[in-house]
Amino acid sequence: MTHTRGRTVVRLLVLLVSFTLAAAACSANSSGDGVATAVSDTPGTPDTPDTPDPSETAAVREAPDSDPDVPRTASFRGVTADTITVGITMLDFAQLTDLGLIAAGWGDQIAVNRALIADLNDRGGIRGRTVVAEYEFYSPISATAADEACTKLTQDVESFAIIGGFLGPLGGTADPCITGLNETILVGGEMNADELGQSVAPWYHVSPSVEDQTVNLLDLLAANGYIESSNIFVMGGVAAEAQFDFVIEELESREFNVVGEAIIIAADGDTGDQDNELGPVLERVRESGADTIFIFGNPSAIIRGIADAGLDGEIAVWSNDSAGLNNLGNTIVDLSVANGVISSGGPTDTEIWDDPLYQSACSEPVAQRVPEADIRPPTQYQEDDENWFNAIRLACQNLFLFEQIATAAGVDLTQDSFVAGADTLTSFAMPTSPESSLGPGKITARDLERLTVYDSTEGDGGTVPLTDLVNTTG
């Protein structure tokens, strides 16, 4: 089905086979029944795992002492003199594995989060306050589950901030439930201009927004000579339709030649309907004279369609969703059909693993507190292995960013001081990006970007560097 610009945005909340996968775990505490389930941590309860003495911890990042001239008070909702309550949202991997859409999950993400929060509290918490977490799983197939989790964590619990947010098509409605309707800080989620426009409370993210990912990809493609001969056919799924006009405008502003456009209406999960729809669209691609397909949003179905049409290896493919490209899911039997797809991204998983800050801030705290965790270099996991690296990396980077901002906010912790603290973080290192920054008007942290290309032989399939990392802030 074709699509013309100016069409009313349609948000179809459906299951994504592959998505950002930033807040998801097949946990022992996960219900797997499609209902948002809660798990609560309070200091000293039996649910809190034993932790080693901080003096025996190899990786201890010193937290700044509280200012003795500023007393700690109940300064904001979710903040007392002694504690900061945060909500942590996690996608229920059990349903995805039960449906056969993925082979395995990401280990026990509650255990991962507990270990990282225990490490933070062992280092003195945030300016003397202990971080207390409330956990909510949300279903990948229920359109209401994310809103239910949002309500529980922002109204029933009254969290100061939510860490994780919501992923896939659910993120398009549920993230603004946190930052807009309930005016609660969010670190994570899926950030785009439409959702930011609905937000009232502060929202920060480690990675670039959807729009920034598109701009980074196109700037890097242009800088590396791809603009001269590319005739572009633009395609995407209905779940990402809000990106369509922006992608077209950015391509045309760089004088890329757009020769065709299409939106795939069939939902991810409706594989047969998608394939039936993709056949005629890809015939139009042939007839258009396109030498390149630009996929916006999750690329899995279109990559599968390109292979079925015999176009893999004959036409260049670009994707503005590097996370989706790294998690193609089980609807593509032979992942080699995605080889050569170009995207953009930051440091590779191997570069992250090799970074001493990642090891000290993320891997070691979990290894010390969760002996059953299967922690190993990311390329050693196979498709049917529980991928603990993914769970640790994403939980750690979100908590790390929250810690940096909340610490910079000072003892009088409020939403206003949180923003003021973030504005001072004009240069710092993250466990997943050694060059990061925030500041007035800058709400995404990672500054490093490069072109990447998909390689099915990289671990269980993933992107590898095509160009060197560059700092996108100049």
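The values are calculated or read from the model by the stated rules, or taken from the named source; none is laboratory data. Keep in mind it's a predicted model, so treat the numbers as computed, not measured. Note that we place each Cβ from the backbone using ideal geometry, even for glycine, and neighbour counts take in every protein chain shown. What goes into the accessible areas is simple: the full protein's heavy atoms, side chains included, and nothing from ligands, DNA or RNA. Shrake-Rupley method; radii C 1.70, N 1.55, O 1.52, S 1.80 Å.
General observations
- Given (1) surrounded by 21 or more Cβ atoms within 10 Å (Cβ to Cβ); (2) touching a strand residue (DSSP E or B) at 6+ places or on another chain (Cβ under 9 Å); (3) not charged (D, E, K, R), number of the condition residue 118 does not satisfy: (2)
- Pairs with Cβ under 6 Å, 6+ apart, first in the stretch 429-444 and within 16 Å of residue 409 (Cα to Cα), second β-branched (Val, Ile, Thr) and open to solvent by 10 Å² or more (accessible area, probe 1.4 Å): 437/426; 439/426
- Among helices (runs of 4 or more DSSP H) entirely within the stretch 199-317, having at least 1 residues that are open to solvent by 30 Å² or more (accessible area, probe 1.4 Å) and of a type in the set (A, V, I, L, M) singles out 210-223.
- Subset of the stretch 355-374 [open to solvent by 50 Å² or more (accessible area, probe 1.4 Å) and farther than 21 Å from residue 402 by Cα]: 367, 368, 371, 372, 374
- Taken over the stretch 277-333, the criterion of being of a type in the set (Val, Ile, Thr) and in contact (Cβ under 8 Å) with a residue 24 or more places away in the chain is satisfied by 281, 285, 292, 293, 295, 302, 303, 306, 315, 317, 331, 332.
- Some residue of the stretch 135-158 being assigned to a strand (DSSP E or B) and aliphatic (A, V, I, L, M): no
- Any hit, the stretch 94-112, residues being part of a strand (DSSP E or B) and either surrounded by fewer than 21 Cβ atoms within 10 Å (Cβ to Cβ) or acidic (Asp, Glu) (or both): no
- Selection status of residue 416, assigned to a loop (DSSP other than H, G, I, E, B) and farther than 30 Å from residue 223 by Cα: no
- Sole residue being touching a residue at least 60 places away in the same chain (Cβ under 8 Å) and under 18 Å from residue 416 (Cα atoms), chosen from 88, 117, 102, 84: 84
- For first residues located in the stretch 124-135 and touching a residue at least 60 places away in the same chain (Cβ under 8 Å), partners that are crowded, with 23+ Cβ neighbours inside 10 Å and among the acidic types (Asp, Glu) and lie 6+ apart or on another chain with Cβ distances below 9 Å do not occur.
- Residue in the stretch 338-352 that is open to solvent by 20 Å² or more (accessible area, probe 1.4 Å) and at positive phi present: yes
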